[in-house]
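Asks: The following block contains the structure, expressed as structure tokens.
What follows draws every value from the coordinates through simple rules; no lab data is involved. The structure presented is a predicted model; accordingly, all values stated were derived computationally and were not measured. Don't worry about glycine lacking a Cβ; one is built from the backbone with ideal geometry, like all the others, and counts go over all protein chains shown.
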Amino acid sequence: MNNINPLLSIVVPTKNRYKYLIHLIKLIKSFGSNEIELVIQDNSDNNDEIMDFLSNEKSENIKYFYQSEKLSMSKNSDFAILNSKGEYVCFIGDDDGVCHNILECVKWMKKNNIEALRSRRASFVWGDSIKNPKKINNATDCVLYNKPSAKFTYLNPKKELDNILRKGFQSIDFIPIVYNGIVKRSILDNVFEIGKTFFPGGSPDISNGVVLSFFVNKMVFVDFPIIISGTSKMTGGGIHKQKGQSVPLEKVDFIERSVVENWERDFPKIWAGRLAWPESGIKALRYVNQPEYIKKLNKNYMFAAFSLYFLQYKKIGYKYAPNKFYFIFYFIFLLFSNGVRVIKNKIISCILRKKYAGRFIKRNITDIETAASFLTSIVKDFDFYKLKYYKSK
């Protein structure tokens, strides 16, 4: 690559997942542009396989870094961004991907001085992601997507943060986030200067998003796919993404020991998404010295969602909930609303074979390159400079 820094860095922390990474490398290489770089930060136990592959895949826009010393997810992610040079940064997993319109998107961001962007979610489901793919309602080797439109809207990061605090940090909704989002490097640098990390929590994604909410001023959401969220057997370290699975905190090997030692006292020591995200969110709020926002966290909602998702821990959720009445109220509310949603999606899936879980489905897609080509094809006529603004709710 020449001495001029690329416009966009796609950074990928990875460990022992070359099965997916090789497809991602092929996808980015197909772009053939010196305005984009793929930065691979590898913490695998042995990297012989990927070194053999890269030796035959010469490309100036592929940068590979290997660290043999065992690292946490957050530390490996820090190194990935630090080793990148782009004016804008997009952080994805090795089983994720991007559409071919991403460079045009970043050019549009730069022209309009946009600091952060989120896009309509599109998912690629790898063939190994579901335990029992023979079940009629399961779907693998497919792309799930919403009908796109050539529209965008502006978002208020602090308002979006308030929304997810009220819902117990159970989702990232529309806060600015570098994971499966795009963020201007100068904003990320401001975050890093506080305490020398971009990810001040055990769960890198939400901890980064919470902190960015206090630095990003101009953010947009575009109503069509830019980034492809991959779902595979190894998503989330392979332990807690499948419903009903969790791990005692002491047995989690991809977080710093300091995370275990400094775990919030009023949280049970269990690593599960329904707890790891809120705990990491609190750590992020401490990182930016925002104690008033911590008070906004709806812990009753959080423990109700945790208990519903992990029924084996419902007594623990009830025990830790600060208000038992509200805990029961939210538990019943979530039980009912989730049940209605599941039934609705199953009915739609049975009646309309082109839909799955409320989204359109394109089957017989076996790798991320094909997924990217398909999604790009359905938005190929979108001109970023003719996007229509719509007012968000």
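Asks: Does the chain come out rounded, prolate or oblate, given a ≥ b ≥ c as the square roots of the eigenvalues of its C-alpha gyration tensor, rounded meaning a/c under 1.5 and, failing that, prolate meaning a/b above b/c? Please list the in-between numbers first.
Replies: Numbers: a/c = 1.36, a/b = 1.23, b/c = 1.10.
The shape class here is rounded.
Asks: To the nearest 0.05, how large is the calculated FRET efficiency for Lys324 and Lys269 if R₀ is 25 Å and r is the Cβ-Cβ distance? Intermediate results must be reported in sequence, preceding the final value.
Replies: Values: r = 21 Å, r/R0 = 0.85.
After rounding to 0.05, the efficiency reads 0.70.
Asks: Next up: Largest first and in whole Å, give the semi-axes of region 52-169's equivalent ellipsoid, each being the square root of 5 times a Cα gyration tensor eigenvalue.
Replies: Numbers: eigenvalues 142, 129, 72 Å².
Listed largest to smallest, the semi-axes of region 52-169 are 27, 25, 19 Å.
Asks: Same structure again: How large is the Rg to Rh ratio of region 135-229 when both quantities use alpha carbon positions and Rh follows Kirkwood?
Replies: Numbers: Rg = 15.3 Å, Rh = 14.9 Å.
Result: Rg/Rh = 1.02.
Asks: How big is the gap, in Å, between the Cα center of region 66-135 and the Cα center of region 16-32?
Replies: That distance is 12 Å.
Asks: Evaluate E = 1/(1 + (r/R0)^6) for Asn289 and Ile343, where r is the Cβ-Cβ distance and R0 equals 41 Å; express this FRET efficiency to the nearest 0.05. Provide the component values of the computation, followed by the final result.
Replies: Values: r = 45 Å, r/R0 = 1.09.
Here the calculated transfer efficiency is 0.35.
Asks: So how much slack lies between Asp45 and Asn5, counting 0.36 nm per residue of separation and subtracting their Cα-Cα distance, in nm? Walk me through the intermediate numbers first.
Replies: Working: separation 40, 0.36 × 40 = 14.40 nm, distance 3.07 nm.
Extra length from Asp45 to Asn5 when fully extended: 11.3 nm.
Asks: While we're here: Multiply the residue gap between Lys391 and Arg121 by 0.36 nm, knock off their C-alpha separation, and tell me the result in nm, one decimal place. It would help to have the intermediate numbers written out before the result.
Replies: Values: separation 270, 0.36 × 270 = 97.20 nm, distance 1.90 nm.
The Lys391-Arg121 span can extend by a further 95.3 nm.
Asks: Mind giving me the FRET efficiency for Phe360 and Lys107? R0 is 25 Å, r the Cβ-Cβ distance, nearest 0.05 is fine. Don't skip to the end; give the middle numbers.
Replies: Details: r = 28 Å, r/R0 = 1.12.
Between Phe360 and Lys107 the formula returns 0.35.
Asks: Which peptide among 261-274, 10-23, 206-219 comes first, and what is the full order, when sorted by highest mean count of other Cβ atoms within 10 Å?
Replies: Details: 261-274: 16.1, 10-23: 21.6, 206-219: 24.9.
Ranked by mean Cβ neighbours within 10 Å, highest first: 206-219, 10-23, 261-274.
Asks: Using packing as a proxy for protection, rank 374-385, 38-49, 194-205 so that the peptide with the highest average count of other Cβ atoms within 10 Å comes first. Write down the numbers at each step before the final one.
Replies: Values: 374-385: 15.1, 38-49: 18.3, 194-205: 21.7.
Taking the mean over residues of other Cβ atoms within 10 Å, the ranking is 194-205, 38-49, 374-385.
Asks: With both partners inside the chain, how many of the DSSP beta bridges are antiparallel, as a percent to the nearest 5? Please report the intermediate quantities before stating the final value.
Replies: On the way: 22 of 49 bridges.
Rounded to the nearest five, the antiparallel share is 45 percent.
Asks: Please work out how much length the chain gains when fully extended from Phe333 to Glu60, using 0.36 nm per residue of separation minus the C-alpha to C-alpha distance, in nm with one decimal. Working shown, then result.
Replies: On the way: separation 273, 0.36 × 273 = 98.28 nm, distance 5.32 nm.
That pair, Phe333 and Glu60, stretches by 93.0 nm at full extension.
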